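Beneath this line is the structure, given in structure tokens, with notes to follow.
The values are calculated or read from the model by the stated rules, or taken from the named source; none is laboratory data. Since we're looking at a predicted model, the values are computed, not measured. Backbone-built Cβ (ideal geometry, glycine too); neighbour counts: all protein chains shown.
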């Protein structure tokens, strides 16, 4: 772990700029009908990129120990488990009733 | 009944009961085997290797890979057997035979209301014929309840805002206890009753007995007229709403492009929350009937719509 | 004190006196005592509720208490026992006291946070007690919506807020343990030299930090729904009544492992010490702890849930077999902690095997929500977890207090508890398969004989629980003085005086071997002090 | 690790160990926080798949302009926070205070805008409960959307308020000269917390404000 890694102001400003541009583009993209679920996917993809920029650079994870990576990963991995496992019920509920039930 | 003066096993009174009991005996056997094995090992070791002097320094044994694999794989394969067996049984309990006799059940704090298609309704009692599969279509008016008949080994949650089903086939006549097994408030333990299984002939006699009951489909038809449904949902597709003839079980294309199977839940939702799923080609103009129709009423309308299906939609009376 | 005058050695108990020195302490050992006192209080409060429940069920009619009261009794029993006794018991008392001692640290990583956790726990407890005093709550400890959110007119919000607050106590304790175990191990204390007790607490802590917040927010949403009319669980608006159950069981199914894992850690220490053997299959026990928490993650979709519940049985089975194998060719003595440990193995075996009935879908349909479930989880939570807790308290009592408890009485209590427990809960398996639903205030008369047996067992069990309370308090003053290593155990916690000094070790220990080296004569061989290592 | 001072709490061997423990502790705490918000995100996801149209139309009742501006404000505050941490790393006292105060101001602006939005929703009877009134179709499912809106943004705002409290104590501590090149862990940790709260908003913004914009 090297938390004392000092990042230059220029670099911070670049990340900051990127975040602002992404914010505007996500707001803009929302007005275009991309059809289907694509709007949501694009919006969440942009949000994920923004979150990664903040985590990696503002939060210095890019320069941190493996242990930090593990806990950052664990948090997000676990939320994925929560989401997928729980969604299996409502998603398969219809599936069971319509596909097998007939 | 056992010789102890109290029962150890519940009565077997449905086609499901022996099947569940078979699996239960299997699990029981496995459990007894392993519990005895552990008990014997512990007692043997405890006696044989009891400390005889305080100076004993037994040689360390750090483990044995073969044993570890053995006692990982044996339980694993046994549990897989249990899983597959249990899952197969579950599928049987989950999917009612298509020729089942349908009875509607509405649960509310703290009573069971059942209504037969022919019109007879009963409270905290349910008359059924033996030797014929019976399918219950259940919903709750308030909290979550659970319909449980131990002698039949069946049980299912009864949820508000949704239909759940339960099916069984009674094998011998008699009165069997019905419990609510999902805690539902103060009088939860009073929400009990009896399932009365009758020989088919007796059941028919019972059905036609009682006061001059109107069949559910007829009651539903009356409601259909009274609430003005008929003014939009004409039998031919000429109304402002889609025709409902032969609707149940059919796939419906929605405005959103998706398509759904028009089951009981769909009908119920369309009555209470009409804007949720708009049929392709129609305007979202239907008002909600929330507060204007009871759960029983919805079930009657569904029964009516089902009757339309059976009669090939010939006769929607004006 | 008679006998030779003892040198006045300074230790954590006599370093300073007065209420303030306890209530503002940051010493993990004193905080463990603070927890011990409150946890014991809640255990007996919950036990009182249980007694009333069993008395009511003596007869089929509802003659002792009204239905409303009965429903409040079983709800308050569940809430106090689960959230205020079982979850904090072993981690917050024994874990708090022992983890730094076992890994050779001077304290937990965040001592003030540790004290704060206790105050948060107290605050949550006060809310819940206030709810009980104000008239109680009748939803069942599971708080199923929409009954809890709309229909119940008891003090749901107050209780739920109490549990919400207490959740943060668990989260902070878990956080403290994780950081401590990661960063504060003594030189030479590698991961695979850690006692299994520490491994078990590591796995438990992970469930604390990843599972507890989900239940916290779920209960908070129920409270918001009651207080401000939010409509997330309201079926009138199209809310999904099962959403609550998904979120609730995401935590509560692993929570079963929160309650049992630390107990398993305790048992691993007891079995090894009293059979003087290295634990059989250390790695398998260590990894099965982690495997349990992974496969314990619950879903409500029946198929996957069933499969995961089946899979979680495997690590449990592995543990039981390994403990049994540890006895093989050992040198077994039958002190009270060992009796508890052996009782644990027996009861846990029954509890685990009956869990398979619930995991098997076809049978679960029948036994779900009946007394079968009640019996099963009492075998796990009371039969196993409480047995482990009591075994652990007895085992480490000389370390915590510097005193010995009266051994014959303790053995008697262990036997009484074991017999009373089985008489109480075994009939409930039969009741469950017969179809007696849980949470029934009145029940059909054909179930009475088994219920009478259960109530009779409960009175024996109650005696078994009061007995240790009495003699342990007695031993605080009159017990024989215990030496540094009362059981000739090999763990690091036994290589420092009893009671330990405030900083746990006078010199930072250097660990050369794992905690189960029972083949050597003198434990001093294992732990060299820093100085010795340098020489 | 010679740049750490010898001062550290008694339970630690040295300042490096203390720093490692604090840093890890904060990340473990954030993992907890992820799950905390995760429960709500899950509920949201579940309902959104059940009532896609209601969620889309209800989301159009939120003010996109204020939402976008607020996102930008929060990102600015994250930027100033990052600069405050940087200033602490290189031991410049005045810049730390300036950037912390800027962060506080931006955080307060965010909350101000948020509460303006809440007020408007209250006036429009879009707060769930007995006074809820929704003119379009799908009223009841829309009420669920607004339940999530208030629960999620409310919980987020609560985190912001806690963050502002933490930042204020940091300003006081910095002014008293508590931090230096060798000891600035609290600034670093509050920074982590603040960025985390920012990330939560980064996900809340598209999920709440942008759902149905293209269907208008």
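In the stretch A:14-57, what residues are at the interface with chain D (Cβ under 9 Å from one of its Cβ atoms), over 22 Å from residue D:200 (Cβ atoms) and surrounded by 13 or more Cβ atoms within 10 Å (Cβ to Cβ)?
Matches in the stretch A:14-57: A:34 only.
I need the full set of residues from the stretch C:472-482 which are free of Cβ contacts under 8 Å to residues at least 60 places away in the same chain and surrounded by 14 or more Cβ atoms within 10 Å (Cβ to Cβ), in order please.
Of everything in the stretch C:472-482, nothing turns out to be free of Cβ contacts under 8 Å to residues at least 60 places away in the same chain and surrounded by 14 or more Cβ atoms within 10 Å (Cβ to Cβ).
Of (1) at the interface with chain C (Cβ under 7 Å from one of its Cβ atoms); (2) on the phi < 0 side of the Ramachandran plot; (3) in a loop (DSSP other than H, G, I, E, B), residue B:76 satisfies all except one. Which?
Every listed condition holds for residue B:76 apart from (3).
Return the total of residues in the stretch A:58-81 being assigned to a loop (DSSP other than H, G, I, E, B) and more than 7 Å from chain D (Cβ to nearest Cβ).
3
Among the residues of the stretch D:174-216, count how many are loosely packed, with under 15 Cβ neighbours inside 10 Å and in a helix (DSSP H, G or I).
Final tally of qualifying residues: 2.
Go through (1) within 14 Å of chain C (Cβ to nearest Cβ); (2) closer than 20 Å to residue D:111 by Cβ; (3) under 19 Å from the mean Cα position of the chain (by Cα) and name the single condition residue D:201 misses.
Answer for residue D:201: the failing condition is (1).
Within the stretch B:113-133, is there a residue that is out of contact with any helix residue (DSSP H, G or I) (no Cβ under 8 Å at 6 or more places or on another chain), buried (at least 18 other Cβ atoms within 10 Å of the Cβ) and not in a loop (DSSP other than H, G, I, E, B)?
Checked against the condition, which is being out of contact with any helix residue (DSSP H, G or I) (no Cβ under 8 Å at 6 or more places or on another chain), buried (at least 18 other Cβ atoms within 10 Å of the Cβ) and not in a loop (DSSP other than H, G, I, E, B), the stretch B:113-133 yields at least one hit.
Sort out which residues of the stretch C:13-50 are touching a helix residue (DSSP H, G or I) at 6+ places or on another chain (Cβ under 6 Å) and assigned to a loop (DSSP other than H, G, I, E, B), and write them in order of number.
C:26
If residue B:189 satisfies all but one of (1) surrounded by 18 or more Cβ atoms within 10 Å (Cβ to Cβ); (2) assigned to a helix (DSSP H, G or I); (3) touching a strand residue (DSSP E or B) at 6+ places or on another chain (Cβ under 7 Å), what's the number of the condition it fails?
If we test residue B:189 against (1) surrounded by 18 or more Cβ atoms within 10 Å (Cβ to Cβ); (2) assigned to a helix (DSSP H, G or I); (3) touching a strand residue (DSSP E or B) at 6+ places or on another chain (Cβ under 7 Å), just (3) comes out false.
When the residues of the stretch B:89-112 are narrowed to those that are within 12 Å of residue B:134 (Cα to Cα) and in a loop (DSSP other than H, G, I, E, B), which ends up modelled with the lowest pLDDT?
So the residue we want is B:95.
Can you list residue pairs whose Cβ atoms sit under 6 Å apart, with the first residue in the stretch C:111-136 being on the phi < 0 side of the Ramachandran plot and the second being not in a helix (DSSP H, G or I)? Count only pairs 6 or more apart in sequence or on different chains.
C:111/C:26; C:112/C:26; C:114/C:108; C:115/C:26; C:131/C:137; C:131/C:155; C:134/C:155
Among what's in the stretch C:355-373 and is in contact with a helix residue (DSSP H, G or I) (Cβ under 7 Å, 6 or more places away or on another chain) and in contact (Cβ under 8 Å) with a residue 60 or more places away in the chain, pick the residue that is nearest to the other protein chains (Cβ to nearest Cβ).
C:366
Listed residues A:20, A:34; which is assigned to a helix (DSSP H, G or I) and free of Cβ contacts under 8 Å to residues at least 60 places away in the same chain?
Just a single option satisfies the conditions, and that option is A:20.
Since residue B:53 meets every condition but one in (1) in a helix (DSSP H, G or I); (2) more than 8 Å from chain C (Cβ to nearest Cβ); (3) surrounded by fewer than 17 Cβ atoms within 10 Å (Cβ to Cβ), which condition does it not meet?
(1)
Within the stretch D:42-63, is even one residue surrounded by fewer than 17 Cβ atoms within 10 Å (Cβ to Cβ) and at pLDDT 90 or above?
Yes: one or more hits.
Say we look at the stretch D:122-151 and pick out the residues that are in contact (Cβ under 8 Å) with a residue 60 or more places away in the chain and farther than 16 Å from residue D:54 by Cα; which of these is farthest from the other protein chains (Cβ to nearest Cβ)?
The residue in question is D:124.
Applying the selection to the stretch C:109-152, what residues are at the interface with chain B (Cβ under 10 Å from one of its Cβ atoms) and more than 24 Å from residue C:211 (Cα to Cα)?
C:138, C:150, C:151, C:152
Taking the stretch B:223-241, which residues are closer than 14 Å to residue B:308 by Cα and touching a residue at least 12 places away in the same chain (Cβ under 8 Å)?
B:224, B:230, B:234, B:235
From the list C:146, C:195, C:187, which one is touching a strand residue (DSSP E or B) at 6+ places or on another chain (Cβ under 7 Å) and crowded, with 23+ Cβ neighbours inside 10 Å?
Of C:146, C:195, C:187, the one residue that is touching a strand residue (DSSP E or B) at 6+ places or on another chain (Cβ under 7 Å) and crowded, with 23+ Cβ neighbours inside 10 Å is C:146.
Just the residues that are within 30 Å of residue C:513 (Cα to Cα) and either without any contact (Cβ under 8 Å) to a residue 60 or more places away in the chain or more than 13 Å from every other protein chain (Cβ to nearest Cβ) (or both), please, taken from the stretch C:225-267.
Answer for the stretch C:225-267, where residues must be within 30 Å of residue C:513 (Cα to Cα) and either without any contact (Cβ under 8 Å) to a residue 60 or more places away in the chain or more than 13 Å from every other protein chain (Cβ to nearest Cβ) (or both): C:257, C:258, C:259, C:260, C:261, C:262, C:263, C:264, C:265, C:266.
Can you name the residue in the stretch C:196-239 that is in contact with a helix residue (DSSP H, G or I) (Cβ under 7 Å, 6 or more places away or on another chain) and not in a helix (DSSP H, G or I) and is also farthest from residue D:30 (Cα to Cα) among such residues?
Ranking the qualifying residues of the stretch C:196-239, first place goes to C:238.
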